[in-house]
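Values in this text are rule-based calculations from the coordinates and carry no lab data. Every value quoted in this text rests on a predicted model; they were computed, and no experiment measured them. Please note: Cβ atoms are built from the backbone with ideal geometry, for glycine as well, and neighbour counts cover all protein chains shown.
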Amino acid sequence: MKRVADITPSLRRVTLTGDELDALTTPEDVDQLEVTSTGFDDDIKLIFAYPGETEPVLPLHKDGGFKFPKERRPLSKSYTVRR
């Protein structure tokens, strides 16, 4: 996290930077593109560990996409990307 700025009482801007936003290959051999924003409606989903746990519940890569487990969904939040 590079910077956090409160724009209004209900809007916070968070600026992210770092190698984690570059292209990568997951342990399951899934190629992930670098994070870029080319449209007005782009969003990202951040996944967090549940309180008291150290590892997050991650989605599974199946059938060419990511599927969320039904028995215990990841603790996540979607954010709009602006650039």
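To the nearest Å, what is the center-to-center distance of segment 65-83 and segment 3-23, using C-alpha atoms only?
Cα centroid of segment 65-83 versus Cα centroid of segment 3-23: 18 Å apart.
Based on the Cβ-Cβ distance of residue 61 and residue 4, what FRET efficiency does E = 1/(1 + (r/R0)^6) give at R0 = 35 Å, to the nearest 0.05?
0.65
With label points built 7 Å along Cα→Cβ from the Cα atoms of residue 25 and residue 78, find their separation and express it in nm.
3.1 nm
Net charge near residue 28: determine it from the other residues with C-beta under 14 Å of the C-beta of residue 28, scoring Lys and Arg +1 and Asp and Glu -1.
Every neighbour counted, the sum reads -1.
Give the aspartates and glutamates reachable from residue 67 as a straight Cα distance under 19 Å; neighbours fewer than 8 places away on the same chain don't count.
Answer for residue 67, where 19 Å is the Cα cut-off: 28, 29, 31, 43, 55, listed by chain and number.
Would you order 4, 57 from fewest to most other beta-carbon atoms within 10 Å of each residue's own beta-carbon?
Listing 4, 57 from fewest to most nearby Cβ atoms yields 4, 57.
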